[in-house]
Every structure is written in C-alpha cells, then in structure tokens.
Amino acid sequence: MAEPFVEMEYCQITKDGQCACGDDFQWEKPAGEERCIAVLSDGLGSGIKANLLANMTTTMALKFMRSNKPILRSAEIIMDSLPVCEVRKISYATFTIVDLSAATGRARVIEMGNPGYIQLRGETEIPPCSTGNLVSSRWPDRQMDISEIQMAVGDRLIFCSDGVTQAGLGRPEYRFGWRRQGLLEFARELILADPGISARDLSRTIAFNAMSINPDRRCVDDITCAVIYLRKPRTLRIITGPPFHKEDDGAFAALAVPDGGKVIVCGGTTANIITRVLHREVHIDLKLACCSGGLPPPGRMDGVGLVTEGILTLTRVAGLLEAHEWEDAPAAAREIIGLIEESDAIEFVVGTKVNEAHQDPKLPVDLEIRRNIIKRLHEILEKDYGKKVTVRYF
Amino acid sequence: MIDLEICCGTTCYMLGGAALLELEKALPEEWRQLVDVRAVPCTDACAREDLGRAPFVRLNGELIANATREKIYLRLSELVAAAGGEK
C-alpha cells in the first residue's frame, strides 16, 4: 500500500475588533524527509502584539524542530526572545508542536499551555499519554508535556487554542466553557456522521461551532483549530501531451483508466489518442462555451472523467494556483483545481512530443512548453498546497 | 442530419475557433433541426501543414481549413440544399 498521506489543515477566526489574529499556525514537510511538523501558538493578549508573539513562537519552533534541536533549549530560546508586554510585564505564548513521521505514524506532541490534544481513531478517542515533562530552571512555571504517540491510517489529531475550549463562557449552559470534553464529543459526532470528513472540513466546523456557542455568537477570543488526518492518499492522475514515440500510445492511453483514483485528460490530441486506443467518446458541453473565460469548454470522457484543452488550460491553472485565487476562474480551470484540492497525491503523465503548430509566430500569445508548465505546477503544488507530486514522462 | 464538428484544440481556439463555438445559437431557425453541432477535442489537422491553417471544422467529415462563419454558412447552405433535393 502507498505511504499514508498527511492532511494538515487549520481554521482560524480572529477576535472581534482586531485586525490580526493573536494565534498562529505553521506547518511544513521538510524537503527530502517523510516528516511533517506543525506548530500552533497562542500569543498573550490579542491583536498585533499577540500576533507577533505567536508568530515568533511558531517560526522559531518550526526552525528548531526541523534542525532537531533539543526541545528544552529551544523553548528557552523562544521564551528568552519574546518581547515583554509593557502592560503585564511578561512575555508569553503557548504552543503545541507535532512532529510526525508519515512513514511510521510515530509522532511526538509537545505542549505548553494550550488545551490538550485529541487523538481519534475513527470516532474512538485514544486517550492522551504524556510520556514526560520538561521544566526549564530559568522558566520554572512553564512546563512542557511530551507525548510519544502512534498514529494509524485513519487517525486524526486535533489541537487548538483556548478560544475553542473556552468558547461559550458566559452562557449558563457553558459555565466552564465548551472545554476539551465538549470539543471531543462534537468531533466524534462529526466523524460518526461523515467517517471520511477531511481535516479541512473538520477544523472549519469545529472553529465555527466554537464561535457560534459564544454569547451573541461573537468571537470573543482568537480561535484556531488544527487537524492532522493520516489517511490513505486520494490520487489524481493528470494526463497531458502526446508521447514522443507513437509506439508508446497504447501504454500511455492505458493510464487513463482510473485505478482507484481520479483522472483528468488535458489536451485535444491526448484525448484523441485515448479515444482511439480505448474506444471512449468525449462529450463537450457547448453551453459552457459562452462562459469559458478564454479557455475551451471542458468535456467528459466515458469511463475516464474530465477532459480539457491542454496548454492554455494548464497555464491558467498554474497562474491561479500561484495567485491562490480561483473563485471566478473559467469552468475548465476551476474543475481541474477542484479535483486537485480533493486529492493528496497528484501524478502527471506527460507526453513530450511538441506540436509544431504551437510554435506558429502568428499565434496571439506565446505558448509555454508543456514540460515547463508541469514544472511550475509541480513546484507550487508541493510548496504551497502540500501535495505529493510525481511526474512520469512519455 | 448534417454533422458539424468544431475543433476545441489549442491552435484552433486561439486562431478564431473560440468564436465558432457559439455558432449553433446563430444558425437560422430552419437549419437548427438539420445540423448537429458538436465540439471535438481536436481534429489533429493543425499538425499537418498540407491541410491548411487553423481554425478547422468538419462538415459531414469534410475538413474545412481557415474556417469562418461565412465559410461554414456557405458550405452548410450547399449541404442543406442537397439534403432538401434528396427529399
């Protein structure tokens, strides 16, 4: 079985009246390592000051974890570095650090001051198991709890700022706030109702529910909820460009048959090769032509899936992903991005034959070489969207 | 029925094919029942210099290079007339 995919998502809601969130969440998958590190920090107070404290904490913690620095020393450096609040004369930012090996599922959770993490296997809670704690002699009131846990495929890890667990304070039915127990029960219900719920949807639903149980549904404290979901990867294969050697058409076209994942065919000639080899028809909805936004309308191939034009559409998709903005994107590009969003692992199958007509100087715009567009997509999808990307050339 | 296939390939789309994709709506009412307008991923004609320039369409399998609405209407009217004659 393929290595499990780590979906790491969070949702953040800023306290009413503030222009910056006093919590911060950062994560990364260090290049060349099957490892994921996530840090959530809640800065003292709210607004810009808190944002600065939280941001400094997540940035430093991430850097220290990446370079495997001893955690106690790292925490001391972080606490020494944080600016002192003029009003309260202290410097403080809580944190939760998760360092997970995607290959083995082993994770180390380091917590200081945040609500305790929740590990769920399906809807069943795996009780937290603190394996020790660390206290700095210079900061004796800042204890760090360390838990070494084992995650299995299908497990979720939920961690948050106290804006979630203290939600509801001030209402008679939440005398002590929502608390960790309330969050746990809510998350279990959500998973029971939708066992495959994504980390993105789970974190969003929790964060917005926390806000909704506050008095007058106001966001009285910064809210951040992060979810790590270890799951079987959802795969997407994007096939584009005719193979360099015609004799490879058969093997190339065979990859268009979905084998557990989804498939997109990008390119007219590519679609024709697959149609010829697999005897599958393409249906293009001409009604979409009127609102195609400068791209040919998308179509469907029987038993395969989405079919779009190649170079123009992929170039547009790369641009939209780089800009992180695709709400008003043309149908073809939006559909591709939608499928990318739903997927964890993306495989590009790229035919390298160049269509000489694309080099015609009379074309109104310069067309990029297909391989260059795939390189752009590869880079942005890994760097900004955390996707696992592979490329196979034909 | 008369088959009209409009190429949606990159080159055709950029060289005027985009405007042809909305041709169906512009067809005279009496032709709409007779013409089946479809978009196809590519006619693969642009890769061959001997077939002329994009955009390409196919009318009953016959390739038309450098296709414009006027050119398509002209050929369609011939086909419609022929179809009427056959009746």
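Quick look at the values:
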quantity	calculated
Unit charges at the beta carbon, dipole of chain A: most positive-side option, A:367, A:354, A:27	A:27
Coordinate range along principal axes, alpha carbons of region B:2-86, Å, largest first	36, 24, 19
In nm, spacing of pseudo-spin labels at residue A:188 and residue B:60 (7 Å Cα→C-beta vector)	7.3
Over region A:235-393, relative contact order from alpha-carbon pairs under 8 Å, at least 6 apart, %	27
Cα→Cβ-extended label distance, 7 Å offset, between residue A:247 and residue A:287, nm	4.7
Cysteines, chain A, no other Cys beta-carbon under 4.7 Å	A:11, A:19, A:21, A:36, A:85, A:129, A:219, A:266, A:290, A:291
Crossing angle, helix A:199-212 versus chain A [Cα axis fit, 0-90 degrees, rounded to tens]	50
Region A:305-394: trypsin sites (Lys or Arg not before Pro) in DSSP coil with no more than 13 other Cβ atoms inside 10 Å	A:362
Computed over region A:1-65, Cα set: Rg, Dmax in Å	14.2, 49
Top positive-direction residue, dipole computed over region B:2-86 with Cβ charges, set B:19, B:76, B:37	B:19
Computed over chain A: relative contact order in percent, which uses C-alpha pairs under 8 Å that are six or more apart	15
FRET efficiency, residue A:257 to residue A:16 (Cβ-Cβ, R0 56 Å, nearest 0.05)	0.60
Equivalent ellipsoid dimensions for the protein assembly as shown as semi-axes, Å, which come from the Cα gyration tensor, largest first	56, 23, 20
Total charge dipole magnitude, the protein assembly as shown, about the Cα centre, Cβ charges on Lys, Arg, Asp, Glu only, Debye to nearest 20	860
For region A:173-241, size of Cβ-based charge dipole, Lys and Arg +1, Asp and Glu -1, in debye	360
Chymotrypsin sites (Phe, Trp or Tyr not before Pro) within region A:242-350, DSSP loop, no more than 16 other Cβ atoms inside 10 Å	A:244
Prolate/oblate/rounded call for region A:235-393, Cα gyration tensor, a/c under 1.5 rounded	rounded
Cysteines (scope chain B) whose Cβ has no counterpart Cys Cβ under 4.7 Å	B:8, B:42, B:46
Largest-first principal axis extents of the Cα set of region A:5-231 (Å)	46, 45, 29
Karplus-derived HN-Hα couplings along region A:85-101 (A = 6.51, B = -1.76, C = 1.60, θ = phi - 60°), whole Hz, x at Gly and Pro	5, 4, 7, 9, 6, 10, 10, 7, 8, 6, 7, 10, 10, 10, 10, 10, 8
Sparsely packed trypsin sites (Lys or Arg not before Pro) within region A:129-162, loop by DSSP, other Cβ within 10 Å at most 10	A:138
Fully extended contour minus Cα-Cα distance, from residue B:81 to residue B:69, at 0.36 nm per residue	2.5 nm
Spacing of the two label points (7 Å from each Cα toward its C-beta) at residue A:278 and residue A:138, in nm	6.1
Placed amide H near residue A:214: partners under 5 Å, 5+ positions off or other chain	A:168
Extension gain, residue A:90 back to residue A:328 (0.36 nm per residue minus Cα-Cα distance, nm)	81.0 nm
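Rule-based calculations on the coordinates, nothing more; no lab input. On a predicted model such as this, the values are computed, not experimentally measured, just so you know. All Cβ positions, glycine included, derive from the backbone under ideal geometry; neighbour counts span all protein chains shown.
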